[in-house]
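Rule-based calculations on the coordinates, nothing more; no lab input. Just so we're clear, the structure is a prediction, and the values are computed from it rather than from any experiment. As a convention, Cβ positions derive from the backbone with ideal geometry for all residues, glycine included, and neighbour counts pool all protein chains shown.
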Amino acid sequence: MKFPKSLVAIALLALSSISSAADKITIAAAADLKFAMEEIVTVFKQANPAAEVETIYGSSGKFHTQIQQGAPFDLYFSADIKYPQMLAKEGFAASEVKPYAFGRIVLWSASRDASKMTIADLADPAIAKIAIANPKHAPYGKRAEEALHSAGIWEKVEPRLVMGENIAQTAQYVQTGNADIGIIALALALNKELASKGNYALIPDNLHQPLEQGFIVTKLAADNVLAKKFAAYMGSPDARRVMVRYGFILPGEMPTK
Amino acid sequence: MIDSADLAAIWLTVELASIVTILLLLIGTPIAWWLARTPSRWKGPIGAVVSLPLVLPPAVLGFYLLVVMGPNGPVGTLTQSLGIGLLPFTFAGLVVASVIYSMPFVVQPLQNAFEAIGERPLEAAATLRASKLDTFFSVVVPLAKPGFLTAAILGFAHTVGEFGVVLMIGGNIPDKTRVVSVQIYDHVEALEYANAHWLAALMVIFSFLVLLALYTLNPTGKRK
């Protein structure tokens, strides 16, 4: 077989431009990070003006499957540390699994004052629709289900549950008023857009398993310097400050009630 | 294997698609008839509106339906004042959404079938003093039978294949809004690939059979 040399040269050039695209990273992040991650990326870019950072939000379970199937993500921030741990075990990680935060769940409503409510109030049949994330695969949904069980009201609440595909969609069900109240991530309730529309009440974290969140650098980004840099940046005071502002409890800090 | 939740999803999907198909034939027939026969200058715009779901991403439909049928939307206000409550997260809501979403798949084959009939059989019926209604049921419907079949099969199949709209307005409630496509998605997200495979394979077989029926019943290039 003979290929014109110029074609080979072009192919090589194209290949090299892909592999040298180390000043670009794609982050797959759990939906609860939507607002916090945006701010962290903004600050990160100020310090690294040449860096190109693309962020994709969705459910942790979906990203897990996609990375297994070779999705072009360099970093994976899961809302449940279990998913990156599985990926690491299967050889899809180029870093240790790093815990980066503990999440909290809250009651949030756009139509009533949730700050004056407790989780037990959800038993009230006057509340027609209660939104949670799908417990089957969304970590925040799983914790919401546990909390409802612990509060002893699961049976009373279950027929009125509507389930979001991820925690951001769950919040959107409540925000549009289609659900009266929802159990969503504190990180979302603290966002300006949602905070202006309704109040929240923290659900005591002894009602559910901890929402330990973790991230990995994927195998794909094993040689990506920028990915490593961003991973390290998550531990910086700047990034930690943003996370704290969005209600995350950081590893190594005492959980507050 | 297929478990009871999967079976519930399959049954719900069949139920939804059947109701939607019947409704679509009832609603779509007069619309298609009008579109096929009218000299009105509204033919273009109305035809375009009916066909919109062909082009629109399901996310657009889902988003608007969620907002319009929500408590602050016009349809939501109406349904609430009628005492029906809100449509999102209900089976009725899915029916409404699916009727809109699958409308072009029923109207277009019907319209084509009606147009193919032409004027002559209708004129012949008129000289025999058949009423318009009589003409429609005794002449048009038998002549357009392949069109009705195609419309029903496509309407049914397209409703079964719906995913994006259901995901946005369904709320994933067992026996109410958790249809097969959503159930498969949930299995995949929960890493239950074996269950996902079973349901997905069923869908492939079903889709193949639908298309097979379509091509067998309506062989192209041959008109009876």
From the square roots a ≥ b ≥ c of the eigenvalues of the alpha-carbon gyration tensor of chain A, which class results: rounded (a/c under 1.5), prolate (a/b over b/c), or oblate? prolate
Pairs on different chains or at least eight residues apart, Cα atoms closer than 30 Å: how many lysine pairs in chain B fit? 9
Whole-Hz couplings from phi, Karplus 6.51/-1.76/1.60, listed for the stretch A:205-210; x for Gly and Pro: 7, 7, 8, 8, 4, x
Once amide hydrogens are built 1.01 Å from N within the peptide plane, the residues lying 5 or more places from A:ALA101 or on another chain with amide H under 5 Å from its amide H are A:GLN213
Kindly express, to the nearest 10 degrees and within the range 0 to 90, the angle between helix B:91-117's C-alpha long axis and the longest C-alpha principal axis of chain B. 30 degrees
Kirkwood hydrodynamic radius (Cα pairs, Å) of the protein assembly as shown? 25.5 Å
Return the aspartates and glutamates within reach of A:LYS192: Cα separation strictly under 15 angstrom, same-chain partners fewer than 8 residues apart disregarded; answer none if there are no such residues. A:ASP32, A:GLU38, A:GLU39
Taking all pairs of distinct alpha-carbon atoms in chain B, Kirkwood radius in angstrom: 19.2 Å
Partner chain coverage, peptide B:182-188 - average Cβ within 10 angstrom: 3
Within 10 Å of each residue's Cβ, count the other Cβ atoms and sort A:HIS137, A:HIS208 from fewest upward. A:HIS208, A:HIS137
Cα-Cα over 18 Å: which of A:LYS82/A:LYS156; A:LYS98/A:LYS228; A:LYS62/A:LYS136; A:LYS24/A:LYS62; A:LYS98/A:LYS229? A:LYS82/A:LYS156; A:LYS24/A:LYS62
Anisotropy class of the stretch A:55-133 from Cα gyration tensor, a/c 1.5 cut: prolate
Whole-Hz ³J(HN,Hα) for each residue in the stretch A:101-106, computed from phi via Karplus 6.51 cos²θ - 1.76 cosθ + 1.60 with θ = phi - 60°, x for glycine and proline: what do you get? 5, 10, x, 10, 9, 9
Taking Cα centroids, how far is the stretch B:34-77 from the stretch B:107-140 in Å? 28 Å
Residues meeting the amide H criterion for A:LYS24 (H placed from the backbone, H to H distance under 5 Å, 5 or more places apart or on another chain) are A:GLU52
Quick test of the membrane-span-like rule: which DSSP H helices of chain A reach at least 18 Å along their long axis (C-alpha atoms) with mean Kyte hydropathy at least 1.0? A:5-19
Please give the calculated 222 nm ellipticity per residue for chain A, where each DSSP H segment of at least 4 residues contributes -39500 (n - 2.57) and the sum is spread over every residue; nearest 500 deg cm²/dmol? -10500 deg cm²/dmol
